[in-house]
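Written out below as structure tokens is the structure these notes cover.
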Amino acid sequence: METDSQPSNPAALWDLDSIASSPLGTQVLSEHATGRGRARVIRREMRYHSHDWAQGEIVIAAHVALPASPEPVPAIILGTGDADAGEAFCRRHRVAVVVIDRPGTGESTGPEDFYTNWVYFTDPRESWMRHYINSALRAVTLAQSLPEIDAQRIGITGSSRGGTMAWIASGVDPRLKLSIPVATGGDIVRALDQGGWANYMYRDEAGQPAIPPAFYDFARCYDPLLYCGHQDGGVLLIVGAQDEFFPILCTATSARASATDDFRLLLVANWDHGYFSGDNPQVHAFDNSREVSRKRTATVAAAIEHWLRGAAPLPRLPDLQVEAARARLEVRVAVDAALPIRRVRLFWSADSAYTLHALTIKRHADEYAGTLKVAPSSLSATAVYAEVEYLRGPFLTSIPWLGPDFRQVMRPFPENGG
């Protein structure tokens, strides 16, 4: 990308008037219902026009799931998944769901989802990521056109690149009242030094990381960090504490950059980007999927109730304060007691977040406090964060505290490529 072609404001990459008002050319391919009574869900296969690109029209496949309701319901745009995932989300949370096939994947047209198409462009509007985000914002327009959906109560979510999409989308489109980016993060250039995703995607012939200069052009437009502090709706970031694509250091910087947003964080211990979540003792991983699902489901439900239904309070992030004293850390956590609390735990690591330990801490006066024994020689490898488990959900975590010169140790890929 030529330097003088970079927009001074990344939000200028999207024509919001066109996104909201240009014809959708909607097609309904099929419709059928599953279940009965309150459990009835209508599944509708649709196509809509997103926008044009250098090689023609981008038409997006949308898989719509609508719950039984006499009144319009809130909706979620799901940027990753399929029709079955959409129906499952619809049933679990009683919201309408619009799942989209990403450009160039499934039944959608457009450029293919290759990492080269992310970063190699002469105009930032031709990045695959821009096409993806634009298509998701057009899905908001589609949702608003459906009489079964409350046009003022629409959110968006996705995982990995879908999480990046969701976070950026809600930073440029005020129609979105909630964003739930999952398994993603900002500060992607700093992440290179911590083992971030680009190190895995761009390799030389010897298999070593080889970051192309074009990656830095991509980062100047599509790093979620650029959109932190510009969110009109609520944001719930869900990410693994050992995510090998999005390091915990960058989770911390992204969360701090979101200080002026209506922001919440769920940092999940013993969860990564999906490569080692199974039982893999070679990299000290184990199957933690049930615990991850329990925390995600409860917290997403609370976010939907709060931001899309306005039906329940959502506590603020716990405030973590850490003081190093000889061979220990004195930890204090201020907690929002807007809902009944089940317990408060510290998750901590002395091996650069490779493994994590849990410690339940007790309430003292108006805060929770605990002590961690950490050798001075391990201080730079120490990571600590607090998790508040509310009685009926959600789970909310503090911004992590990291020792000086902290550098995350990532679990290596297995020799067979995982």
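Derivation of every value follows stated rules applied to the coordinates shown; laboratory data play no part. Since the structure is predicted, the reported quantities are computational estimates derived from the model, not experimental observations. Cβ placement follows ideal geometry from the backbone for every residue including glycine, while neighbour counts extend to all protein chains displayed.
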Next item on the list: Please figure out what share of the DSSP beta bridges in region 177-297 is antiparallel and state it in percent, rounded to the nearest 5.
Entry: 15 percent
Check: Which listed residue (285, 214, 225) has the Cα farthest towards the positive end of the charge dipole for region 3-308, taking +1 on Lys and Arg C-beta and -1 on Asp and Glu C-beta about the Cα centre?
Finding: 285
Note to self: Give the aspartates and glutamates whose C-alpha is closer than 13 Å to that of residue 177, dropping any in the same chain fewer than 8 places away, or say none.
What the structure shows: 150, 232, 261, 262, 305
Next item on the list: Starting from the Cα gyration tensor of region 103-211, multiply each eigenvalue by 5, take the square root, and state the resulting semi-axes largest first in whole Å.
Entry: 30, 16, 11
Next item on the list: Using only the Cα atoms of region 206-249, each taken as one equal point scatterer with no solvent, compute I(q) by the Debye sum, divide by I(0), and report log10 of the ratio at q = 0.18, 0.22 Å⁻¹.
Entry: -0.82, -1.03
Check: In which sequence would 411, 256 go, from the one with the fewest C-beta neighbours within 10 Å to the one with the most?
Finding: 256, 411
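On full extension of the chain, what length is gained from residue 144 through residue 342, given 0.36 nm per residue of separation minus the C-alpha to C-alpha distance?
67.4 nm
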Check: Could you state the principal axis extents of the C-alpha atoms in region 161-235, from the largest down, to the nearest angstrom?
Finding: 46, 21, 16
Note to self: Order these by the 10 Å Cβ neighbour count, fewest first: 105, 253, 382, 164.
What the structure shows: 105, 253, 382, 164
Item checked: Per-residue HN-Hα couplings for region 299-313 [Karplus 6.51, -1.76, 1.60; θ = phi - 60°; Hz; x = Gly/Pro] -> 6, 4, 4, 5, 5, 5, 4, 6, 8, 9, 10, x, 9, 7, x
Notebook entry, point to check: What order, most packed first, do the peptides 397-404, 182-189, 16-23 have when packing is the mean number of other Cβ atoms within 10 Å of each residue?
Noted result: 182-189, 397-404, 16-23
Check: Taking +1 at the Cβ of each Lys and Arg and -1 at the Cβ of each Asp and Glu, which of 238, 348, 127 sits farthest along the dipole of the chain towards its positive end, judged by Cα position relative to the Cα centre?
Finding: 348
Notebook entry, point to check: How big, on average over all directions, is the shadow cast by the Cα convex hull of region 155-309, in nm²?
Noted result: 9.4 nm²
Note to self: Counting only other residues whose beta carbon sits under 13 Å from that of residue 257, what net charge do I get with K and R as +1, D and E as -1?
What the structure shows: -1
Check: When ranked by the protection proxy of mean other Cβ atoms within 10 Å per residue, highest first, what sequence do the peptides 32-45, 194-207 form?
Finding: 194-207, 32-45
Notebook entry, point to check: Considering only DSSP beta bridges whose two residues both sit in the chain, what percent are antiparallel, to the nearest 5?
Noted result: 70 percent
Next item on the list: Could you work out the equivalent-ellipsoid semi-axes for region 319-389, taking the square root of 5 times each eigenvalue of the Cα gyration tensor, largest first, in whole Å?
Entry: 23, 13, 8
Checklist line | Mean projected area in nm² (Cα convex hull; one quarter of hull surface) for region 27-174 | finding: 8.5 nm²
Check: Measuring from centroid to centroid over Cα atoms, what is the spacing of region 390-407 and region 207-252 in Å?
Finding: 18 Å
Notebook entry, point to check: Between region 162-191 and region 29-60, what is the C-alpha centre distance in whole Å?
Noted result: 23 Å
Next item on the list: Please arrange 221, 250 by counting, for each residue, the other beta carbons lying within 10 Å of its beta carbon, fewest first.
Entry: 221, 250
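Tell me, in nm to one decimal, what length is gained between residue 232 and residue 38 on full extension, where the rule is 0.36 nm per residue of separation less the Cα-Cα distance?
66.6 nm
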Margin query: Averaged across orientations, what area in nm² does the convex hull of the alpha carbons in region 254-314 project?
Written below: 5.3 nm²
Margin query: Rg over Rh of region 27-101, using C-alpha atoms and the Kirkwood radius, what does it come to?
Written below: 1.04
Checklist line | Cα-based Rg and Dmax for region 259-418, where Dmax is the largest Cα-Cα distance (Å) | finding: 16.7, 53
Next item on the list: Work out the P(r) tail for region 3-308: percent of alpha carbon pairs separated by more than 23 Å, whole number.
Entry: 55 percent
